[in-house]
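The values are calculated or read from the model by the stated rules, or taken from the named source; none is laboratory data. Quantities reported herein were computed from a predicted structural model and do not represent experimental measurements. Every residue, glycine among them, receives a Cβ derived from its backbone with ideal geometry; neighbour counts consider all protein chains shown.
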Amino acid sequence: MNIVTEKKESIAERLSELSNAIRESAAINEGHAFPHQNFDKVIELDLHKLTLPAAYGGYEYNFEKVSEVLIQLAQGCPSTALCLAMHYYTIAGLTSVLNAQQQEELFHEVSVNHQFFSSFNLPNVSIIQAGQDFSSSTGLKISKCRGGYIVNGKKRCVSGIERFKYLPIYGNQAGVEKSRFGITALMASVSDTGVSIESSWNMTAMKSTQSHDVIFDNVYITDRWLIGREGFGVEDTPHLIFWSRLAITSVYLGVAKAALDHVVGIMKQKRDRLSNKLIAFMPGPQFALADMRIKFEAARSQLLLYAQQASDQINAGLHNEELVQKSLMTKIFVCRTVNEIVWEAMQVEGMTSMAEGGLLERLYKDIRAATFHQPDEMLGKEMLAKRTLGLIAPKNRWA
């Protein structure tokens, strides 16, 4: 038991302290700088190790527990929660893939040296058609060389890059035999020669994540950082899609919960302009609040059901097509529903909800990003429909 654990009786207490701290910092972060102080607090409270194996001082949090944590933290600071989501799910998704030497070095870095992981770049292999060319599906090119690999290209929108050290990547590698996609997975680092950060993040949503692009210019990565097999990076890291969809969706459900709680408080204070009655007693706001509660509980139930199924199947080594489709359904439904909740919250509060820097104004901008995480809503629906029908286009995407 370490000093932090002795000081705090439970992880729940530490999470509550972190949530309160990051909520205060989010309210005053007018410049949208990356919240380094929040990650210092994460380390102070020993919460950077939630998905690490117990052998490295971790807590081995499963799908359900990680979801609960991210929902709670996103109510305080969505940008912090989204960056942590990338860290948590990448560790969880790679634990069964990394070899013993890789785990020893990387997980020691997290546990002892307090380093963080960014997420993988998502390869464009979501829709499969006959004869499809996957040679440019990642934005990165990998060439084999003596003792390792040379990487060139761009990894886009890396959340937390101003703080996070490790950069897991998928890249297209030419000349790999017997590989469907020809995609290799490697572990890079921001300190690798030839890695640079391009200050490109200009989005209003999740602005404090500072999700800049990362440039790889003839970056050498030793072969000991090969993850899985050459050319089989996607196939050898199957758990990542289940973890990523859970973690990202949980963040945005937490944003919706913050909006819902805010509206409850507003309804107990705001008065109707005509009657001067508290709007808590007016049927319109009451019905709106009821709709918001129903939508939130439906979204949370869907997310919990998926988390339970993912935990059960992956623990048993049985992830299958049903789980893939359930992950898509959950992401599509929850990300659409949480946007509706925040929109309704703004309707209840009225024009003041658009006041610059106000809570709902900030939550509205952040939650709009939910449907654009890959696969975005339209692509996700196409994937789900084609998987349901068992379609592989013989000539082109819409054949």
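Quick rundown of the values:
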read-out	value
Of the criteria (1) modelled with pLDDT of 95 or more; (2) over 30 Å from residue 24 (Cα atoms); (3) surrounded by fewer than 15 Cβ atoms within 10 Å (Cβ to Cβ), which one residue 142 fails	(3)
The stretch 146-160: number of residues that are of a type outside the set (Lys, Arg) and more than 23 Å from the chain's Cα centre (by Cα)	6
Filtered residue count, the stretch 312-334, keeping only those that are modelled with pLDDT of 95 or more and either in contact with an Asp or Glu (Cβ under 7 Å, 6 or more places away or on another chain) or not in a helix (DSSP H, G or I) (or both)	1
Positions within the stretch 281-300 being in a helix (DSSP H, G or I) and of a type in the set (A, V, I, L, M), in sequence order	288, 289, 290, 292, 294, 298, 299
Unique match (being β-branched (Val, Ile, Thr) and under 24 Å from residue 133 (Cα atoms)) among 251, 158, 214, 234	234
Among (1) under 15 Å from the mean Cα position of the chain (by Cα); (2) more than 21 Å from residue 310 (Cβ to Cβ); (3) surrounded by fewer than 18 Cβ atoms within 10 Å (Cβ to Cβ), the one test that residue 80 misses	(3)
Test result for residue 196, part of a loop (DSSP other than H, G, I, E, B) and of a type in the set (S, T, N, Q)	no
Flag for residue 165 being buried (at least 20 other Cβ atoms within 10 Å of the Cβ), among the basic types (Lys, Arg) and within 20 Å of residue 90 (Cβ to Cβ)	no
Count of the stretch 1-58 residues which are modelled with pLDDT under 90 and either over 23 Å from residue 204 (Cα atoms) or hydrophobic (A, V, I, L, M, F, W, C) (or both)	12
Hits in the stretch 262-280 - residues which are part of a helix (DSSP H, G or I) and surrounded by 13 or more Cβ atoms within 10 Å (Cβ to Cβ)	262, 263, 264, 266, 267, 279, 280
Whichever residue in the stretch 199-216 is assigned to a loop (DSSP other than H, G, I, E, B) and touching a strand residue (DSSP E or B) at 6+ places or on another chain (Cβ under 7 Å) and, among such residues, is nearest to residue 81 (Cα to Cα)	212
Breaking point among (1) surrounded by fewer than 24 Cβ atoms within 10 Å (Cβ to Cβ); (2) at pLDDT 95 or above; (3) touching a strand residue (DSSP E or B) at 6+ places or on another chain (Cβ under 8 Å), for residue 179	(2)
The stretch 182-200 - residue that is touching a His at 6+ places or on another chain (Cβ under 9 Å) and farther than 26 Å from residue 93 by Cα and, of those, surrounded by the most Cβ atoms within 10 Å (Cβ to Cβ)	200
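Residues checked against (1) touching a residue at least 40 places away in the same chain (Cβ under 8 Å); (2) out of contact with any helix residue (DSSP H, G or I) (no Cβ under 8 Å at 6 or more places or on another chain):
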{"site": "316", "(1), (2)": "no, yes"}
{"site": "327", "(1), (2)": "yes, no"}
{"site": "331", "(1), (2)": "yes, no"}
{"site": "342", "(1), (2)": "yes, no"}
{"site": "353", "(1), (2)": "no, no"}
